[in-house]
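The values are calculated or read from the model by the stated rules, or taken from the named source; none is laboratory data. If you're wondering where the values come from, they're calculated on a predicted model, not measured in any experiment. Quick reminder, even Gly has a Cβ in these numbers, built from the backbone with ideal geometry, and neighbours come from all protein chains shown.
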């Protein structure tokens, strides 16, 4: 398609509010052309060194050879008589009373207009990286060159084959050349020929859009796949593909967890159960353990009153000691301080220590309340009677 030609997609829509090309030509013929205007025209002759265009003025305009030289050879060769084009008025009246027009400048001006519209509408645009310098990368956007500062590039992009840090600052962004970036326009100034863009802003916009869409799609009870992005002392954050949900430390496993690193690692892909979706606060609660059988659901089938079991002491409190069942570490029971010894015990540390393995007697099982009551002294009595 020749430069400046109106493609079918760009042709004015067929409605009463949009003037036809004939009306546009008549409008421009009734007023004097001004330098810098972009006006419609019809190619009336294609010469070896120029193109003559009827713009509806007192005389036909000329697109000179030096302007045609700025067009790609295939586009210049494709210009035909009768083509509808948009042209830029370089000079409305030269020394020989000629109207000097530009097809190349019209292309550039229309691209600036498009960039301004995309900027005003906060739309993203794709640009191909054609070069770089020590400050960032240069991208091709139609007939314009834009600049993406290094601070506005995506830091998570792989460095690639170039050495890093680079031996030469001009080579720092060399691996970006040839790639296509999604960008947000942050400054557009055709008068100063400044077009500044940001990949990071476009990615933020993309994530925001994905997050909003995902929040509407998520429902409690869903099972989703995600990637662990961060670990804290209170749980693990999992990226679900646009929003990070939290697996609280209490939801990592049915067994007691003191550090999330005991269960998951950053970068690990896992399946999670959606516990809660708070669309107003944009928060998602997740669970790992809900995807595993609840060990308390069958507790009464595995433990009965009077049964002797082995337990590992996990915690000591002033009212008793907690013990994890050997071979069934999802179940933790309580040895009340009154069940530690025949004689009164001031504090459990006087009798037990964490990590100690002891024989215990089951004295109570309550699956609904998730409680397993144990006794050290009654186990000792049973062993003494053997």
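Among the residues of the range 47-62, are any touching a strand residue (DSSP E or B) at 6+ places or on another chain (Cβ under 8 Å) and closer than 27 Å to residue 194 by Cβ?
For the range 47-62, residues touching a strand residue (DSSP E or B) at 6+ places or on another chain (Cβ under 8 Å) and closer than 27 Å to residue 194 by Cβ: absent.
Within the range 320-345, track down each residue that is in a loop (DSSP other than H, G, I, E, B) and closer than 23 Å to residue 296 by Cα.
326, 327
Suppose the filter is in a strand (DSSP E or B), outside the structural domain of residue 267 (by TED's automatic domain parsing), modelled with pLDDT of 90 or more and farther than 21 Å from residue 104 by Cα; does residue 188 pass it?
Spelling it out, it is not the case that residue 188 is in a strand (DSSP E or B), outside the structural domain of residue 267 (by TED's automatic domain parsing), modelled with pLDDT of 90 or more and farther than 21 Å from residue 104 by Cα.
State which residue is farthest from residue 180 (Cα to Cα) when the search covers only the range 102-117 and only residues that are without any contact (Cβ under 8 Å) to a residue 40 or more places away in the chain and surrounded by 18 or more Cβ atoms within 10 Å (Cβ to Cβ).
102
This table checks each residue for (1) modelled with pLDDT under 90; (2) surrounded by fewer than 16 Cβ atoms within 10 Å (Cβ to Cβ); (3) not in a loop (DSSP other than H, G, I, E, B).
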residue	(1), (2), (3)
41	no, no, yes
48	yes, yes, no
57	yes, no, no
82	no, yes, no
94	yes, yes, no
100	no, no, yes
119	no, no, yes
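Go through the range 257-288 and count every residue that is part of a loop (DSSP other than H, G, I, E, B) and buried (at least 16 other Cβ atoms within 10 Å of the Cβ).
Number satisfying all stated conditions: 4.
Which one of these is outside the structural domain of residue 331 (by TED's automatic domain parsing) and either closer than 30 Å to residue 150 by Cβ or in a helix (DSSP H, G or I) (or both): 200, 225?
So the residue among 200, 225 that is outside the structural domain of residue 331 (by TED's automatic domain parsing) and either closer than 30 Å to residue 150 by Cβ or in a helix (DSSP H, G or I) (or both) is 200.
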